[in-house]
């Protein structure tokens with residue numbers, strides 16, 4: 001079924017959502033919990049004050065999604081790229097909370113995460129060159145095998161980044177938080 005310019009307000013979804021297409025739709029205060037989303041398309045949709053918990057995406061594509069004031073728990077965002085690792089599921093995220101999220105394999109170069117908060121998230125093999133994490137609470141979020149060149153981590157807190165596993169040329173950090181880059185090297189700072 002195809003939905004164009006429709007508004008969905010306060011809907012609670014569990015179980016499964018299959019074969020739906022959403023174009024320029026707005027989802028407000030919707031709760032998706034323990035939901036399996038299969039063979040769906042979301043293009044240019046806006047999500048406001050939504051909560052997603054343990055949502056699994058299969059054969060689903062999202063393009064240019066805008067999120068404001070949303071909370072996400074246990075989401076693997078890479079599943080929304082469809083067949084293309086270059087697809088950009090996220091156009092904008094403002095004041096969102098991400099907990100136990102996985103962004104592995106995503107192309108998010110230049111993306112602005114500065115108004116969001118992360119807890120125990122995973123960024124693996126991501127293209128994050130020029131991404132803005134300025135002032136972000138990252139709550140033990142890990143970055144492995146990522147391109148972080150020219151990324152902005154000034155005043156960010158709680159990140160776990162190994163300089164040996166990531167590219168960091170031109171990345172910006174603040175003291176004293178930059179000391180976290182030495183975690184795991186065995187170096188003692190006195």
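Annotation: residue 148 fulfils all but one of (1) under 19 Å from residue 72 (Cβ atoms); (2) at pLDDT 90 or above; (3) crowded, with 21+ Cβ neighbours inside 10 Å; the unmet one is (1). Reported count of residues in the stretch 99-124, each being surrounded by fewer than 18 Cβ atoms within 10 Å (Cβ to Cβ), at pLDDT below 95 and either touching a helix residue (DSSP H, G or I) at 6+ places or on another chain (Cβ under 9 Å) or at positive phi (or both), is 3.
One residue stands out in the stretch 151-166 among those that are modelled with pLDDT under 95 and out of contact with any helix residue (DSSP H, G or I) (no Cβ under 9 Å at 6 or more places or on another chain): the one that is nearest to residue 112 (Cα to Cα), namely 166.
Among the conditions (1) buried (at least 17 other Cβ atoms within 10 Å of the Cβ); (2) farther than 20 Å from residue 56 by Cα, the only one that residue 142 does not satisfy is (1).
The values are calculated or read from the model by the stated rules, or taken from the named source; none is laboratory data. The shown structure was predicted, so the numbers you read here are calculated from the model rather than taken from an experiment. Note: ideal-geometry Cβ built from the backbone for every residue, glycine included; neighbour counts use all protein chains shown.
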